[in-house]
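Read-outs throughout are calculated quantities, based only on the coordinates presented, and are distinct from any laboratory measurement. The structure displayed is predicted, hence computed values, not measured ones. Note: ideal-geometry Cβ built from the backbone for every residue, glycine included; neighbour counts use all protein chains shown.
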Amino acid sequence: ASGGDIDGIIACGRGNPRLLVEGVNDYGGTALYVASANGKVKAVKAMVQPDGAVVAALPDAAAAIDLNHPNNDGWTPLMTASYWGNPEVVRVLLAAGADKDLRDNNGKTALDIAIKQKKDACAALLR
C-alpha cells in the first residue's frame, strides 16, 4: 500500500481529535465513515481490503474494522458514501461485505438515501 493510503486515513482525523483517540468522532462516525463521506477511495480500500495498508500494518485491524458501524443517526459508511455520491467508495464497501439492507434511525436504506439525493450511479450499485 502506498503512503497516500495512510495519508488519507490520517487526513480523516484532522479536525477530529476524538476520532483519532477514541475511534469515533462527535457524531459517532468511525474513520471508515469519514473516509467514505469524503470519497477517500484509497483510504477506504486500505481499511477494508485484506491486503490494505492498515490491515498489513496491524494484523488484528481486519477484525476491528466494522463495515456497518452506525453513527449516532444510524448511518453506516455505505449510507454516507451514497448520500455524498461516491460510487467508487460504494463499490469498495459492497465488495468488502457492507450490508446494503441496513436501515438508519429513520428507516432509510443506502438505496433510499441515494435515490433521494439523486445519486444515480450509487443507486445503480445498490439495486
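Please give me the summed charge of the neighbours of Cys122: other residues whose Cβ is under 12 Å from its Cβ, Lys and Arg +1, Asp and Glu -1. Every neighbour counted, the sum reads +3. All other residues whose Cβ lies under 12 angstrom from that of Ala81 are scored, Lys and Arg at +1 and Asp and Glu at -1, for a net of +3. For the stretch 95-105, putting each phi into the Karplus relation 6.51 cos²θ - 1.76 cosθ + 1.60 with θ = phi - 60° gives couplings of 5, 7, x, 4, 8, 6, 9, 5, 10, 7, 5 Hz, in residue order, rounded to whole numbers and with x for Gly and Pro.
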